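Reading through the structure tokens given below for one structure.
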Amino acid sequence: MTTSHTIAVLGLGRMGGAIATRLVAQDWDVVGWTRSGRTSGTVKTTGDPNEAVAQADLVLLTLFDGPACEQVLDDVRGSLRTDSIVLNTSTIAPAEASRLARKLGPSYVHAPLLGSVPSAAAGALQILAAADQETLDRVRPVLETLGTVRRVDDASTAAALKLIANNSLAGAVLALRDSLRQADALALPRTQTLDVLELGQLGGLVTRKRHFLLDEPTAATAEFTIGALAKDMALLAAASNTPLRSATGLADNPTALEADIAVAATVPAVEEAVLEPLRAYIRGHATGDSTHFRNAFLPTAHIEGIRDGEFVSWRLDEYCTLFQGQPAPDKPTRTRCIDAIDVHETVATATMTLSHGADTFTDIFLLVRAADGWRIANKAYHRHS
């Protein structure tokens, strides 16, 4: 776009509002519309998306998900000018991006964004743009107003790369959560912990999100919400057909979905009640006293795995007969550690490593919150000799 053109920005949420404001500040003619009715004092708005689209050479989408993009585009399809370009910056599934590209043809540019609200406001986004060369050249001045353009082969690839980028962000948030939980367990001051974490691999995230990590939510509004990132991770898991821990690990507290992603890193460790049956199980191995196992497991529990090359499935009573009420002779050298636990309201899964002499066991537990508290419903194990 080498001359003055009108840009219709459809979607004025956190990111859309920042993009529209940036474009106006750089002297682009912008008219905005949003489904929520939210308006920005710096951007002209209309209550009818067709009105915005009818006067625009470029229609820029900043919507929450694929269904929203398809619905809005279907609604305004009749108002699109023959020479208009649709520039979609929304984070959607690869299949959804391909479908829109097929539907709109060469007038469609799929351009997901790397970066959040501050980057948009500063024109410092990284933009993954998929379009034919002629169309990309037409929209490049607008894109370069927002950040740095990286051309990608096709819409599906651009959408997939954006999800992969957000997966790394989710992983960083969960890694930061683990670090803060361990620091809390060691009674380290939060400020001092963050000072040190800023020096390491998570430093950039800690610096940008420090006010949230210090429980100062009034210091700034959310830039990228937990709910939005969890949505992106669910899209990635579905598209790749590969399990993804971060798809569920982010949203431990459903009431915080509108909070900034940094708040997910401040969720405390699991409550002691969930850990108690696992600790009772550890005490059973340490002492050889089967009473601890009966306290840890539900009476209906089974303990299953491969023993001497054969699959075994013990009922709890059978399992308890393996213990004679005395610690193992090499007790001082044996170790047991809870590796991970994921809680989902009334159920949980946990992994434990037991080092028993020449053997190491990986135990996988399914726990449920019964009427009398948390108990182990079943255990499966693998023995490493």
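The table that follows gives values for the structure above.
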quantity: Debye-sum result for the range 199-345 in log10 I(q)/I(0), which assumes one identical scatterer on each alpha carbon, at q = 0.09, 0.16 Å⁻¹; calculated: -0.50, -0.97
quantity: Cα extents of the range 52-163 along the three principal axes, largest first (Å); calculated: 34, 28, 26
quantity: Charge tally in the Cβ shell below 15 Å around Gly325, where Lys, Arg are +1 and Asp, Glu are -1, Gly325 excluded; calculated: +2
quantity: Rounded percent of accessible protein surface that carbon and sulfur make up, the range 1-94, 1.4 Å probe; calculated: 46
quantity: Helical mean residue ellipticity (222 nm; -39500 (n - 2.57) per DSSP H run of 4+; nearest 500) of the chain; calculated: -12500 deg cm²/dmol
quantity: Relative contact order computed over the range 170-323 (Cα-Cα under 8 Å; 6+ residues apart), in percent; calculated: 20
quantity: DSSP bridge orientation in the range 1-144 - percent antiparallel, rounded to nearest 5; calculated: 15
quantity: Cα gyration tensor, the chain - rounded (a/c under 1.5), prolate or oblate; calculated: prolate
quantity: Angle between the chain longest axis and helix 226-240 axis [Cα atoms, degrees, rounded to 10]; calculated: 80
quantity: Relative packing of 376-382, 260-266, which averages over residues the other C-beta atoms within 10 Å, highest first; calculated: 260-266, 376-382
quantity: Percent accessible area from carbon and sulfur atoms, the range 160-199, protein chains only, probe 1.4 Å; calculated: 62
quantity: Relative contact order computed over the chain (Cα-Cα under 8 Å; 6+ residues apart), in percent; calculated: 10
quantity: Span from the the range 154-183 Cα centroid across to the the range 55-95 one, whole angstrom; calculated: 26
quantity: Values of log10 I(q)/I(0), in the order q = 0.11, 0.21, 0.25, 0.26 Å⁻¹, for the range 97-176 under a Debye, Cα-only, solvent-free model; calculated: -0.31, -0.95, -1.16, -1.20
quantity: All Cα pairs of the range 29-104, percent lying beyond 17 Å; calculated: 42
quantity: Most fluctuating residue given options Ala296, Ala185, Ala269, as computed from a GNM of the chain linking Cα atoms under 10 Å; calculated: Ala185
quantity: Of all DSSP beta bridges in the chain, antiparallel share, percent nearest 5; calculated: 60
quantity: Accessible area (Å², per residue) of the chain, counting only protein heavy atoms and a probe of 1.4 Å; calculated: 48
quantity: Listed residues Ser36, Ser98, Ser107, most fluctuating in the chain (Gaussian network, C-alpha, under 10 Å); calculated: Ser36
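The values are calculated or read from the model by the stated rules, or taken from the named source; none is laboratory data. What you see is a predicted model; the values in this text were computed from it and never measured. Neighbour counts run over all protein chains shown; Cβ positions are idealised from the backbone, glycine included. All accessible areas refer to the heavy atoms of the entire protein, side chains included, with ligands and DNA or RNA removed. Shrake-Rupley method; radii C 1.70, N 1.55, O 1.52, S 1.80 Å.
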